[in-house]
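Chemist: Take this structure, written in structure tokens, and hold onto it; I'll ask about it next.
The values are calculated or read from the model by the stated rules, or taken from the named source; none is laboratory data. Small disclaimer: the values here were computed from a predicted structure and weren't measured. Glycine gets a Cβ as well: all are built from the backbone with ideal geometry, and neighbour counts include every protein chain shown.
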Amino acid sequence: MRKEKEDEKEKKEENLLKELCGTDSELYTLLSTCLYETPLVAISDKDLASLTAEAEKSGKFRPAMDKAIFEGSQNPEERERYIEVVRDLALKSVRAMEQEKETAEREGITGRIDYLVNRIEKRKLMSERAEDILNVAAKFYKEKLVERGENVRREASEKDRKQAERDERRTAEEERAGREARKRERSKMGRKERKEAEKQDRKENVAAEGRKEARREKRRAAAEEEKKAREADKERREARREERRKK
């Protein structure tokens, strides 16, 4: 079941990215390795300046590039500046990997050379297509952050439903245990006492049925609320998809 959910998640992300890239297969292939479905989790919370400084020391520019793409997607008024930042980081990454490639060639590490050649080509392409990358990233991350908010609301509804179900089961078990205890007590009573106890039990059973129905209603309401939340989220996603198609 977990594997199916993960596959569904990947398919959903892929479909959105394909939709945004249209017939541009080159851009789609490039962005499928550059964008994240959960950017707030995947992308470092360090500031871009710190990540860039770390990259220039280590030669590993991916965290800084991820940060620049995300920040650029969230700040349309500074889009041109971030385009240049992404281009600069991509070219610096190319230079770092070319140096690493030279080392690998001297040491005869063929497998590493092939890997670096591929990465260098991707980084060059990122530099060339920085503007297209940020244009798509802006739409992609906007949708992902909206979905994140929807997921939080949906998870809250699901939590309420599950809690209502747990409450219903726990109370039902407690009442059943109480009935069994009273039944054992009655078996020790005399006839007159037992008759009075049975009368009290009937009253308690009526009250218990009322409480049981109230719990059922609470559970049904929680389930209905969860269903409405899912349907509303689906409608909003469809509306956003239609809006993107018109642009």
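Chemist: Within the set of pairs 6+ apart or on separate chains, which have a first residue in the range 130-144 that is basic (Lys, Arg), a second that is assigned to a helix (DSSP H, G or I) and surrounded by fewer than 19 Cβ atoms within 10 Å (Cβ to Cβ), and C-beta atoms under 8 Å apart?
Modeler: Between residues of the range 130-144 that are basic (Lys, Arg) and residues that are assigned to a helix (DSSP H, G or I) and surrounded by fewer than 19 Cβ atoms within 10 Å (Cβ to Cβ), the close pairs are Lys139/Arg244.
Chemist: Where residues in the range 104-115 are assigned to a helix (DSSP H, G or I) and of a type in the set (Gly, Ala, Ser), which of them is surrounded by the most Cβ atoms within 10 Å (Cβ to Cβ)?
Modeler: Per the criteria, the residue is Ala104.
Chemist: Which pairs turn up if I take residues in the range 21-33 that are assigned by TED's automatic domain parsing to the domain that holds Glu121 and under 21 Å from Arg245 (Cβ atoms) and look for partners that are basic (Lys, Arg) and surrounded by fewer than 12 Cβ atoms within 10 Å (Cβ to Cβ) with beta carbon separation below 6 Å, at least 6 apart in sequence or on another chain?
Modeler: Close Cβ pairs satisfying both conditions: none exist.
Chemist: Let me ask something else. Asn118 passes all but one of (1) in contact (Cβ under 8 Å) with a residue 40 or more places away in the chain; (2) surrounded by fewer than 16 Cβ atoms within 10 Å (Cβ to Cβ); (3) among the polar types (S, T, N, Q); (4) assigned by TED's automatic domain parsing to the domain that holds Glu80; which number fails?
Modeler: (1)
Matching residues to (1) among the small types (Gly, Ala, Ser); (2) surrounded by fewer than 13 Cβ atoms within 10 Å (Cβ to Cβ); (3) closer than 21 Å to Leu40 by Cα:
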residue	(1), (2), (3)
Lys57	no, yes, no
Asp66	no, no, yes
Glu80	no, yes, no
Asp88	no, no, no
Glu98	no, no, no
Lys101	no, no, no
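Chemist: Separate question: In the set Ala172, Ala207, which member is over 29 Å from Leu16 (Cβ atoms), touching a residue at least 24 places away in the same chain (Cβ under 8 Å) and not charged (D, E, K, R)?
Modeler: Ala172
Chemist: Checking Asn75 against (1) surrounded by 15 or more Cβ atoms within 10 Å (Cβ to Cβ); (2) within 29 Å of the chain's Cα centre (by Cα), which single condition isn't satisfied?
Modeler: Asn75 satisfies all of (1) surrounded by 15 or more Cβ atoms within 10 Å (Cβ to Cβ); (2) within 29 Å of the chain's Cα centre (by Cα) except (1).
Chemist: Here are Glu209, Glu217, Glu225: which of them is part of a helix (DSSP H, G or I), surrounded by 12 or more Cβ atoms within 10 Å (Cβ to Cβ) and not assigned by TED's automatic domain parsing to the domain that holds Leu31?
Modeler: Within the list Glu209, Glu217, Glu225, the selection yields Glu225.
Chemist: Residues being assigned to a helix (DSSP H, G or I) and either among the aliphatic types (A, V, I, L, M) or in contact (Cβ under 8 Å) with a residue 12 or more places away in the chain (or both): count how many of those fall in the range 55-83.
Modeler: Of the residues in the range 55-83, 19 are assigned to a helix (DSSP H, G or I) and either among the aliphatic types (A, V, I, L, M) or in contact (Cβ under 8 Å) with a residue 12 or more places away in the chain (or both).
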